[in-house]
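> Dumping the structure here so I can ask a few things about it.
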């Protein structure tokens with residue numbers, strides 16, 4: 001709540017700004033969906049994620065029941081966002097903070113926690129929860145070893161779903177004026193979907209609550225069969241589990257939809273480029289599930305998807321072309337031509353070309369010097385043809401005097417031209433036919449060339 005002092009409105013602390021995040025309609029990403037899809041943008045929270053809500057709620061609950069006292073230490077196992085929410089609370093309230101994290105989290109998250117004065121301990125990701133090395137076990141050990149330390153235990157803390165029952169659910173009901181018909185959220189601790197879903201169903205039992213779960217997690221299988229299965233590694237951070245958190249109330253979840261790394265991470269990239277909404281991979285996963293749901297509905301329905309955090313914590317991962325390529329996750333359908341040209345590591349204005357009136361020996365010299373197979377032929381600023389290495393070789397072997405003939409005497413048809421902001425899947429279609437390469441146009445000028453080898457190298461991550 002804001003305060004007024006001498007006519008100036010302000011908040012008592014940064015913690016008073018948690019919640020009341022906006023809803024924004026997805027127009028670019030969801031342009032083919034009959035049902036409108038609204039995104040609850042949780043990166044508007046001061047710590048940049050939905051976990052600010054539970055960070056404050058869990059600390060206040062621990063203070064209320066007397067387990068957390070002045071000068072105490074907040075301990076938590078987290079993929080990063082809950083830690084940041086707790087780190088903000090610790091900084092404002094004067095607590096120490098120690099966070100145990102899986103080693104797959106981005107470096108941005110680790111550095112953010114340290115910036116708030118927190119201690120960060122990393123544990124291997126690919127170990128069982130009961131392993132002494134797991135970040136769950138390390139957090140428990142720290143709690144017993146340090147006096148005054150309290151484990152927030154977001155996976156089993158009732159204050160987690162209660163925070164969403166008291167804030168996120170009422171916000172959505174008010175913002176949509178009760179018109180919401182479908183609510184989609186990722187599942188990790190289960191607090192967000194359980195607390196929000198419970199509130200919405202109390203308001204209208206017909207509201208469908210749909211969980212998004214990464215392929216490799218066990219939560220979908222457990223929801224569907226109530227049987228434990230084996231978890232497998234996946235790249236999307238902050239969602240899915242290899243155990244069942246008690247903070248999850250499966251009774252309010254109508255169904256769970258699985259999303260693989262490729263779809264989730266590339267959807268996060270699409271959100272930035274098509275709707276200017278910059279989020280992480282778990283938000284991309286939730287948005288992908290929301291699209292799957294929205295395609296089956298009508299304009300009378302209203303889908304709300306919760307996007308949990310900002311993409312700034314994943315600049316070295318999902319929003320990094322090299323990381324995506326190295327992990328074989330980059331989808332050509334959501335990649336632009338300019339991204340591939342940049343990936344070649346070449347300067348666009350260094351395009352190799354010849355004039356139609358230059359002698360053939362000039363084209364041959366360029367082929368030998370730069371090890372290229374085709375060169376565009378220009379008349380002024382216009383592309384008029386292409387010279388191909390094997391055609392030059394055949395002509396020269398048949399008649400060495402042809403080296404002094406103009407290039408136009410041997411040139412073939414011009415290569416197709418694509419704009420730098422076009423999706424790469426258009427290029428792959430052209431290259432899959434008889435075209436060995438395409439020319440790239442930027443701001444009206446031909447600035448680059450892409451060959452079949454360039455495309456294969458880009459998609460395969462240089463392997």
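> Between residue 412 and residue 328, what is 0.36 nm times their sequence separation minus the Cα-Cα distance? Round to one decimal in nm.
Working: separation 84, 0.36 × 84 = 30.24 nm, distance 3.56 nm.
Contour length minus the Cα-Cα distance gives 26.7 nm.
> While we're on this one: Sorted from fewest to most neighbouring beta carbons within 10 Å, what does the list 95, 10, 222 look like? Before the final figure, lay out each step's value.
Values: 95 23, 10 10, 222 19.
Neighbour counts put them in this order, fewest first: 10, 222, 95.
> Separate question: If R0 is 30 Å, what FRET efficiency do you get for residue 432 and residue 352 from their C-beta distance, rounded to 0.05?
Values: r = 24 Å, r/R0 = 0.80.
Efficiency computed from Cβ-Cβ geometry: 0.80.
> Counting DSSP beta bridges in the chain, what percent are antiparallel, to the nearest 5?
40 percent
> Out of all DSSP beta bridges in the range 7-148, what portion is antiparallel? Express it as a percent rounded to 5. Please list the in-between numbers first.
Working: 3 of 13 bridges.
Restricted to the range 7-148, the bridges split so that about 25 percent are antiparallel.
> Angle check, please: helix 389-398 long axis (alpha carbons) against the longest principal axis of the chain (alpha carbons), in degrees 0 to 90, nearest 10.
For helix 389-398, the angle is close to 20 degrees.
> Measure nothing but the geometry: give the 0 to 90° angle between the long axis through the Cα atoms of 51-64 and the longest principal axis through the Cα atoms of the chain, rounded to 10°.
Tilt relative to the chain: about 20 degrees.
> Pairwise over distinct Cα atoms, reciprocal of the mean inverse distance: report the Kirkwood radius of the range 166-299 in Å, one decimal place.
Numbers: mean 1/r = 0.0662 Å⁻¹.
Taking every pair of different Cα atoms in the range 166-299, averaging 1/r and inverting gives 15.1 Å.
> Give me the distance in nm between label points sitting 7 Å out from Cα along the Cα-to-Cβ direction at residue 396 and residue 174, one decimal.
Using points 7 Å along Cα→Cβ, the separation is 7.6 nm.
> Multiplying the sequence separation of residue 65 and residue 254 by 0.36 nm and subtracting their Cα-Cα distance, what value in nm do you get?
That works out to 64.7 nm of additional length.
> Only helical DSSP H runs with n ≥ 4 go in: add -39500 (n - 2.57) per run for the chain, normalise by residue count and round the 222 nm mean residue ellipticity to 500 deg cm²/dmol. It would help to have the intermediate numbers written out before the result.
Values: 16 runs with 163 residues, N = 463.
Result for the chain: -10500 deg cm²/dmol, rounded to the nearest 500.
> How fast does the chain diffuse by Stokes-Einstein, in µm²/s, taking the Kirkwood radius from C-alpha pairs at 20 °C and 1.002 mPa s? List each step's numbers first, then the result.
Working: Rh = 24.9 Å.
It comes out at roughly 86 µm²/s.
> Ranked from highest to lowest mean number of other Cβ atoms within 10 Å per residue, what is the order of the peptides 47-55, 25-33?
Details: 47-55: 28.7, 25-33: 15.2.
Listed from highest to lowest mean packing, they are 47-55, 25-33.
> Let me ask another. Nearest-5 percent of antiparallel DSSP beta bridges in the range 334-459?
Working: 15 of 20 bridges.
Rounded to the nearest five, the antiparallel share is 75 percent.
> Assuming R0 = 35 Å, what is the FRET efficiency of residue 11 and residue 342, from their Cβ-Cβ distance, to the nearest 0.05? If you can, show how the numbers build up before the last one.
Details: r = 42 Å, r/R0 = 1.21.
Step by step, r from the Cβ atoms, then E = 0.25.
> Then there is this: Just rank 305, 24, 424, fewest to most, by other beta-carbon atoms within 10 angstrom. Walk me through the intermediate numbers first.
Working: 305 27, 24 16, 424 23.
Least crowded to most crowded, the residues run 24, 424, 305.
> Additional query: Please arrange 5, 112 by counting, for each residue, the other beta carbons lying within 10 Å of its beta carbon, fewest first.
Values: 5 7, 112 21.
So the ranking, lowest neighbour count to highest, is 5, 112.
> Let me ask you something else. When ranked by the protection proxy of mean other Cβ atoms within 10 Å per residue, highest first, what sequence do the peptides 184-196, 371-383, 323-335 form?
On the way: 184-196: 29.5, 371-383: 15.9, 323-335: 18.4.
Ranking, from highest mean packing down: 184-196, 323-335, 371-383.
> Further question on the same structure: Plugging the Kirkwood radius over Cα pairs into Stokes-Einstein for the range 334-459, at a temperature of 4 °C and a viscosity of 1.567 mPa s, what D comes out in µm²/s?
Working: Rh = 14.9 Å.
Value of D from the Cα-based Kirkwood radius: 87 µm²/s.
> May I pose another question? What do you get for the angle between helix 191-203 and the principal long axis of the chain? Use alpha-carbon atoms, 0 to 90 degrees, nearest ten.
70 degrees
> Based on the mean of other beta carbon atoms within 10 Å per residue, what is the order of 269-278, 75-84, most packed first? Don't skip to the answer; put the middle values down first.
Details: 269-278: 18.5, 75-84: 27.8.
Taking the mean over residues of other Cβ atoms within 10 Å, the ranking is 75-84, 269-278.
None of the figures in this text is laboratory data; all of them are computed from the coordinates on show. All values derive from a computational prediction rather than experimental measurement. Here Cβ is always computed from backbone atoms with ideal geometry, including for glycine, and neighbour counts include all displayed protein chains.
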